[in-house]
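Readers should treat all values here as calculations from the given coordinates under stated rules, not as data from a laboratory. From a predicted model like this one, the values you see are computed outputs, not experimental measurements. Methodologically, a virtual Cβ is constructed for each residue, glycine included, from the backbone with ideal geometry; neighbour enumeration extends over all protein chains shown.
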Amino acid sequence: MYDVKGNLHDVQSSLPDGVELVAISKYHPNEYIMSAYEEGQRAFGESHEQELRQKAASLPNDIKWHFIGHLQTNKVKYIAPYIDTIESVDSLKLLREINKQAEKNNRIIDVLLELHIAEESTKYGLTLDACRELISQGEWRTMKHVRIVGLMMMASFTDDMQQVAGEFQKASCFFDEMKAQYFASDNNFRIRSWGMSNDYPVAIRHGSNMVRIGTKIFGPRVY
Ligand SMILES: *Cc1c(COP(=O)(O)O)cnc(C)c1O
């Protein structure tokens, strides 16, 4: 079996204080998740609703599940009873639906707004202008069952680390702008979720305080 515990320790010991680790367990079996769990890891990320549903039903219920994939509004009701954080909010419509389903479950769900900064056209997320518009529009302030706790983004899939660094920096500056303008007195707005297995050291140098790491902990995914 893959040395999940050893890899997890390597990753953890490479993270500065104040950087949270979300172990991305998509396509990996429950045994792998339990290995990391036994070492104290509690935050895990998944990107498909059905896979997450099966895992959440059979794994310990103090796991904090993060949803990191594209989320269709009609799937929100399935994850609303138990999801800890939805990292991939990319529309007002989705935010409204999360608020509605969270209310039905008498919960408050933490969300991150997903930014689209990378060059790939295939990536989801809000452009900086669209994100600025969503926040300045202000309807979110009336939503009592969602809490916007920060921003998430993925850098371009490239070996050009200078480009990747530039994208992280852009996200970081944008975070600071939103923080100053709209969340200055809101301590909940604090998360900058960027950095994956191949770029997280760069991400941390550019403001990340939450990294989403899969391959480096669990090995290559078998699709
Ligand atoms: C799969 C995924 C990750 C983890 O990627 P690795 O390269 O395996 O670390 C992080 N974030 C998102 C949004 C993902 O879909």
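A few remarks follow.
- D (Stokes-Einstein, µm²/s), Kirkwood Cα radius, region 16-116, 1.306 mPa s at 10 °C: 114 µm²/s
- Computed on the Cα trace of region 37-83, the radius of gyration divided by the Kirkwood hydrodynamic radius gives Rg/Rh = 0.96.
- Note on Gln163/Ala130: beta-carbon distance plugged into 1/(1 + (r/R0)^6) with R0 of 22 Å gives a FRET efficiency of 0.50.
- Proportion of all alpha-carbon pairs of region 74-118 beyond 14 Å (%): 43 percent
- Measuring how big region 155-204 is from its alpha-carbon positions, Rg and Dmax come out at 12.4, 38 Å.
- Sorted from longest to shortest, the spans of the Cα atoms of region 79-161 along the three principal axes equal 45, 27, 18 Å.
- Hydrodynamic estimate: the Kirkwood radius of the chain over Cα pairs, inserted into Stokes-Einstein at 37 °C and 0.692 mPa s, corresponds to D of 185 µm²/s.
- Taking all Cα pairs closer than 8 Å and separated by 6 or more residues, the relative contact order of region 86-217 comes to 22 percent.
- Relative contact order for the chain, counting Cα pairs under 8 Å that sit 6 or more residues apart, in percent: 22 percent
- Taking the average, over residues, of other Cβ atoms within 10 Å as the packing measure, peptides 170-183, 79-92 rank 79-92, 170-183 from highest down.
- Here, P(r) means the percent of Cα pairs in each 5 Å bin from 0 to the largest distance; for region 110-215 it is 2, 13, 24, 25, 18, 10, 6, 2, 0.
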